[in-house]
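Presented below is the structure to which this report refers.
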Amino acid sequence: MNAVNPPARIAVLGAGFAGLSTLRALRRRDARAEITLVAPRAELHYLPGIIWIPSGLRRREDLVVPLQDFLRRQRVRFVAAEVTGLSDDGRIVHTNGTDLVNDALVIATGGRFIKKLPGIEHAITPCEGIAAAERIRDRLRGMQGGTIAVGFAGNPNEPMAVRGGPMFEFLFGIDAQLRREGRRERFELRFFNPSAEPGNRLGPRAVRHLLAEMARRGVHTHLGHKIERFEADKVVTAGGEFAADLILFMPGMTGNAWFDATSLPRSPGGLLQADAHGRVPGRERVYVVGDAGSFPGPDWMPKQAHMADLQAAAVAENALGDLAGRPAQATFKVELVCIVDALDRGTLIWRTPRRNGLLPASRLLHWAKRGFEWNYLRAYR
């Protein structure tokens, strides 16, 4: 039987939330598939936890999970490499090591931040990884006072390619940390955004809540003005400039640089085009999950781990169906769920096509976020 119908060879690119959720979903549905994971390192970096690094609530070793044992349990082959391109309509993956042949390909390599703003080297981009959060921690420890500017922007050609939620968490978390340390009065916190309604993808009620929380905490705002550039000690916008001793800024997202070495269809914002089933149009058995893809749906569709999990389940179902020659049209629901944490309490925000809600800040929600982290990482440890 195996000689007639050999196991399918499925390549998953990327060891972040999207890639790992996809291979778990594949293995649950098919015990025989030959799954290969391609990533620079066999590690999961739990980036939602970096908001707690500046305060010392988390350390690097708390958030980096070696994957060797997990991959062995899942019977997944690991290739330590960086993807450099594709050929044969996706059947061959080129890396800086070896080339890999596949029967089905799942691209889950995430996105990259647009670093075109003049002077952006003067800003720290927190979600670039654990090292960025450690730089914030170290800078805060060395500051005796001054202005801390926190902001984000989007990709004008891709409304969904933005990650603003963590910036609210860094803002509120730094405020809480400085108060704990008894030195908040020596600092000015300033939030800036080109939109007059920052975080509007979270919904109108959330925007009102976040702005009210900034006012309550004494955070100054600079909203509704295009960001023109950063300098070593200031932020310059079309509506004026202000001093900044530390700048935390999250730019919009676009596709990985290696996408340029392929003929895969791209969205106006540079991401990979995907249909409602996670398939890349015009390519047989090529799929995309998570931040790398531009999916049909509302413009508030989030770039977050929860959304990647939902997409991964649909892609796994469709990939295995396509390989078996059976109808497979699984889709995923669009749902935003997040806890905006402020170091000691959190606010729950959720949004679906039909509902948008908010639970005010409480210590219980802070501990719920920590509990989710523990439970999520348990599967990989």
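The values are calculated or read from the model by the stated rules, or taken from the named source; none is laboratory data. Predicted, not measured: the structure shown is a model, and the values here were computed from it. When we count neighbours, we look across all protein chains shown, and the Cβ atoms used for this are built from the backbone with ideal geometry, even at glycine. Only protein heavy atoms, including side chains, enter the accessible area calculation; ligands, DNA and RNA are left aside. Shrake-Rupley method; radii C 1.70, N 1.55, O 1.52, S 1.80 Å.
What the table shows:
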item: Of residues in segment 196-207 being of a type outside the set (Asp, Glu) and open to solvent by 40 Å² or more (accessible area, probe 1.4 Å), the one farthest from Val334 (Cα to Cα); result: Ala196
item: Leading residue by the ranking (least open to solvent (accessible area, probe 1.4 Å)) among those in segment 291-314 that are part of a helix (DSSP H, G or I) and acidic (Asp, Glu); result: Asp291
item: Selection count where residues are free of Cβ contacts under 8 Å to residues at least 24 places away in the same chain and either in a strand (DSSP E or B) or under 16 Å from Gly49 (Cα atoms) (or both), scope segment 326-371; result: 9
item: Those residues of segment 242-280 which are surrounded by fewer than 22 Cβ atoms within 10 Å (Cβ to Cβ), among the aromatic types (Phe, Trp, Tyr) and within 22 Å of Arg135 (Cβ to Cβ), in sequence order; result: Phe242
item: Subset of segment 133-148 (residues that are in contact (Cβ under 8 Å) with a residue 40 or more places away in the chain and either more than 15 Å from the chain's Cα centre (by Cα) or surrounded by fewer than 17 Cβ atoms within 10 Å (Cβ to Cβ) (or both)); result: Glu134, Ile136, Arg137, Arg139, Leu140, Met143, Gln144, Gly145, Gly146, Thr147, Ile148
item: Selected residue (criterion: modelled with the lowest pLDDT) from residues of segment 360-381 that are open to solvent by less than 80 Å² (accessible area, probe 1.4 Å) and within 26 Å of Gly297 (Cβ to Cβ); result: Tyr376
item: So Glu317, is it of a type in the set (D, E, K, R), open to solvent by 50 Å² or more (accessible area, probe 1.4 Å), modelled with pLDDT of 95 or more and not in a loop (DSSP other than H, G, I, E, B); result: yes
item: Residue in segment 105-120 that is in a loop (DSSP other than H, G, I, E, B), of a type in the set (Phe, Trp, Tyr), touching a residue at least 12 places away in the same chain (Cβ under 8 Å) and closer than 29 Å to Asp260 by Cα present; result: no
item: Single unsatisfied condition, Ser55 versus (1) assigned to a strand (DSSP E or B); (2) crowded, with 18+ Cβ neighbours inside 10 Å; result: (1)
item: Selection from segment 177-192 of residues that are of a type outside the set (Asp, Glu) and open to solvent by 10 Å² or more (accessible area, probe 1.4 Å); result: Gln177, Arg179, Arg180, Gly182, Arg183, Arg184, Arg186, Phe187, Arg190
item: Which numbered condition Arg285 misses (of (1) open to solvent by less than 20 Å² (accessible area, probe 1.4 Å); (2) at positive phi); result: (1)
item: Filter result for Gly239 (open to solvent by 20 Å² or more (accessible area, probe 1.4 Å) and of a type in the set (Gly, Ala, Ser)); result: yes
item: From the options Val83, Val101, Val79, residue that is over 24 Å from the mean Cα position of the chain (by Cα) and either open to solvent by less than 40 Å² (accessible area, probe 1.4 Å) or more than 20 Å from Glu373 (Cα to Cα) (or both); result: Val101
